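To start, the structure under review is shown below, and the notes come after it.
Read-outs throughout are calculated quantities, based only on the coordinates presented, and are distinct from any laboratory measurement. Because the structure is a prediction, the values reported are computed rather than measured. Cβ coordinates were reconstructed from backbone atoms using ideal geometry, including for glycine residues, and neighbour counts include every protein chain displayed.
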Amino acid sequence: MLVTTVLAFVGLFLLGSLTLAVIPNQMALLSTTVYLHRTLTHCSLKMSSIVELCSKFSIWMTTGIDRRRWAALHRKHHAHVDEVEDPHSPRWYGFWQIQLGNVFRYRDGVREPGLLETYAKDIRPDWLDKHLFHHPFLGLGTGITILLVLGFLLNRNGFAIDVHNFWANGLIGSGMGLTGALLHAVGYVFLQSSSVNGLCHTPHWLGYQHTDERQAQTTFNNAIVALFTGGEGLHHNHHWKERSARFARTKLELLVDQGWWIIWTLKQLGLVRDVKTVPLLN
Ligand SMILES: [Zn+2]
Ligand SMILES: [Zn+2]
């Protein structure tokens with residue numbers, strides 16, 4: 001009886017935590033692919049100032065990433081795909097070094113002198129960057145606090161787990177919020193982002209290509225990675241035409257290019273413009 005109760009508690013706790021993890025994780029992934037990657041780094045579209053501001057807040061609270069450094073390092077990656085200068089190539093560092101240690105390659109890469117001057121001269125820090133977005137721990141702290149409050153509100157009346165005490169229920173809810181934040185961080189850093197730089201730059205049985213043109217030769221599409229990264233797993237397509245805001249090249253690939261759905265919807269609402277694409281394959 002006791003074992004069943006404990007197992008039910010742990011199961012419900014993990015279910016609640018996973019549900020809360022989805023919120024920051026989706027915010028982080030979609031703002032990474034739509035704003036950081038397709039808009040800021042590759043200038044594939046232009047955003048209205050309100051959408052750009054929301055994207056900046058989303059990145060700040062869910063990842064703490066400095067947008068200029070991210071864009072600069074990614075431009076360097078495109079300038080030296082899988083060459084010795086590539087900051088995170090599995091060809092040079094080994095697959096597992098990138099798949100599990102990509103965060104350390106990123107940390108070292110963004111510290112290299114001259115990176116911003118060479119690759120991000122056009123991205124100027126504005127007032128909000130200097131006073132708010134350049135403080136990653138403030139952003140992450142804000143994001144985690146929101147998740148704690150959401151967890152507290154979710155379970156204050158025993159919505160997920162009821163221990164017949166208002167404060168105990170709230171505490172359990174906050175614990176779910178904190179676990180949710182942790183699950184998001186592990187997923188984003190060690191699974192989702194790193195799969196794009198690791199798995200999608202390594203030949204594997206689920207990886208496929210549409211062309212052997214030089215700029216995309218060493219990269220692979222992986223539909224499962226795409227499904228969990230807002231479309232980023234269509235990485236071979238992206239390296240083939242890096243200025244295209246749509247990563248999908250076939251109708252089937254559209255199913256996993258969620259970043260493109262967001263851009264398409266924003267375009268219909270008049271919130272983005274100058275969207276560059278290449279035609280879909282027949
Ligand atoms: Zn790449
Ligand atoms: Zn790119």
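By what distance, in whole Å, do the Cα atoms of segment 1-81 stretch along each of the three principal axes, largest value first?
In descending order, the Cα extents are 60, 33, 18 Å.
Could you tell me the extents of segment 145-187's C-alpha atoms along the three principal axes, largest first, rounded to whole Å?
33, 15, 12
Where does helix 136-155 land angle-wise versus the long Cα axis of the chain, in degrees 0 to 90, nearest 10?
Once rounded, one gets 40 degrees.
Choose one of N237, T118, Q26: the residue whose Cα lies farthest towards the positive end of the charge dipole of the chain (beta-carbon charges +1 Lys, Arg; -1 Asp, Glu; about the Cα centre).
T118
Can you list the HN-Hα couplings for segment 261-273, worked out from phi with the Karplus curve (6.51, -1.76, 1.60; θ = phi - 60°), rounded to whole Hz and with x for Gly and Pro?
With the stated coefficients, segment 261-273 comes to 4, 4, 4, 4, 5, 4, 5, 4, 8, x, 9, 9, 8 Hz.
Please list 3J(HN,Hα) in residue order for segment 235-245, calculated via the Karplus relation 6.51 cos²θ - 1.76 cosθ + 1.60 where θ = phi - 60°; whole Hz, with x for glycine and proline.
6, 5, 4, 5, 5, 5, 10, 5, 8, 7, 6
Compute the helix-to-body angle for 67-79: its Cα long axis versus the longest principal axis of the chain, expressed 0 to 90° and rounded to tens.
40 degrees
Sort 202-210, 37-45 by packing, meaning the average of other beta carbons within 10 Å per residue, with the highest value first.
Those peptides, ordered most packed to least, come out 37-45, 202-210.
Sort K121, K267, K76 by Cβ crowding within 10 Å, fewest neighbours at the top.
Exposure proxy ranking, most exposed first: K121, K267, K76.
For segment 89-167, just say rounded, prolate or oblate: build the C-alpha gyration tensor, square-root its eigenvalues into a ≥ b ≥ c, call rounded for a/c under 1.5, and beyond that prolate if a/b exceeds b/c, oblate if not. Spell out each step's value before the answer.
Values: a/c = 5.02, a/b = 1.76, b/c = 2.85.
In terms of gyration-tensor shape, oblate.
Kindly provide the helix-only [θ] at 222 nm of the chain, computed as the sum of -39,500 (n - 2.57) over DSSP H runs of four or more divided by all residues, to the nearest 500 deg cm²/dmol?
-17000 deg cm²/dmol
Determine the shape class of segment 1-148: with a ≥ b ≥ c the square roots of the Cα gyration tensor eigenvalues, call it rounded for a/c under 1.5, and otherwise prolate if a/b is greater than b/c, oblate otherwise.
Oblate shape, in that a/c is at least 1.5 and b/c is the bigger or equal ratio.
Could you give the alpha-carbon Rg of segment 166-282 over 2.2 N^0.38 Å, rounded to two decimals?
1.33
Calculate the all-directions average of the projected area of segment 107-230's alpha-carbon convex hull, and give it in nm². Display every interim value, and only then the final one.
Details: hull surface 47.7 nm².
Over every viewing direction, the Cα hull of segment 107-230 projects on average to 11.9 nm².
Just to be sure I understand the curve: with the Debye formula and one point per C-alpha of the chain, what is log10 I(q)/I(0) at q = 0.08, 0.10 Å⁻¹?
For the requested q values the scattering log ratios are -0.37, -0.57.
Report the charge-dipole magnitude of the chain in Debye, nearest 20, computed about the Cα centre from +1 at each Lys and Arg Cβ and -1 at each Asp and Glu Cβ. Display every interim value, and only then the final one.
Values: 25 positive and 20 negative charges, 108 e Å.
That gives the chain a dipole magnitude of about 520 debye.
Using only Cα atoms, tell me the angle between helix 2-31 and the longest principal axis of the chain; keep it within 0 to 90° and round to the nearest 10.
30 degrees
So how many Lys-Lys pairs in the chain land under 23 Å Cα to Cα, not counting same-chain pairs under 8 apart?
So the count of such lysine pairs works out to 24.
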